[in-house]
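Heads up: the structure comes next, in structure tokens.
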Amino acid sequence: MADVEASVRDLINRDRDCTERARAQMDLRRKINLLIGEWKTASGGEVLPDIRDRVRLRPLKNEIGPAGVAARR
């Protein structure tokens with residue numbers, strides 16, 4: 001979905017017709033909303049993760065200590 005959003009933005013920035021891509025983006029959003037609705041109907045009570053949760057779960061690149069750097073050389 002991020003690719004479709006980026007292409008819509010790119011078309012808009014270049015002053016091009018983005019109707020087809022924008023409709024595809026709306027269809028994807030509609031499908032996601034339907035899936036979320038089905039999940040909630042099936043007793044899905046957990047909080048769905050958002051982008052902040054995903055970023056927080058990513059390991060930091062600096063977690064490799066000096067020993068890890070020396071071992072690679």
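The values are calculated or read from the model by the stated rules, or taken from the named source; none is laboratory data. Worth saying up front: this structure is predicted, and the values here are computed from it rather than measured. Cβ sites come from the backbone with ideal geometry, for glycine too, and all protein chains shown count toward neighbours.
Listing for the model above:
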| item | result |
| --- | --- |
| Filter result (within 16 Å of the chain's Cα centre (by Cα) and of a type in the set (Asp, Glu)) within region 1-26 | Asp3, Glu5 |
| Residue within region 22-30 that is over 13 Å from Met1 (Cβ atoms) and either touching a Lys or Arg at 6+ places or on another chain (Cβ under 6 Å) or not charged (D, E, K, R) (or both) present | no |
| Tabulated pairs, region 26-37, first surrounded by 11 or more Cβ atoms within 10 Å (Cβ to Cβ), second in a helix (DSSP H, G or I) and not acidic (Asp, Glu), C-beta under 9 angstrom, 6+ apart or interchain | Leu28/Val4 |
| Number of the exception - Asp15 against (1) at pLDDT below 90; (2) acidic (Asp, Glu); (3) exposed (fewer than 10 other Cβ atoms within 10 Å of the Cβ) | (1) |
| Filter result (polar (S, T, N, Q) and outside any loop (DSSP other than H, G, I, E, B)) within region 32-54 | Asn33, Thr41 |
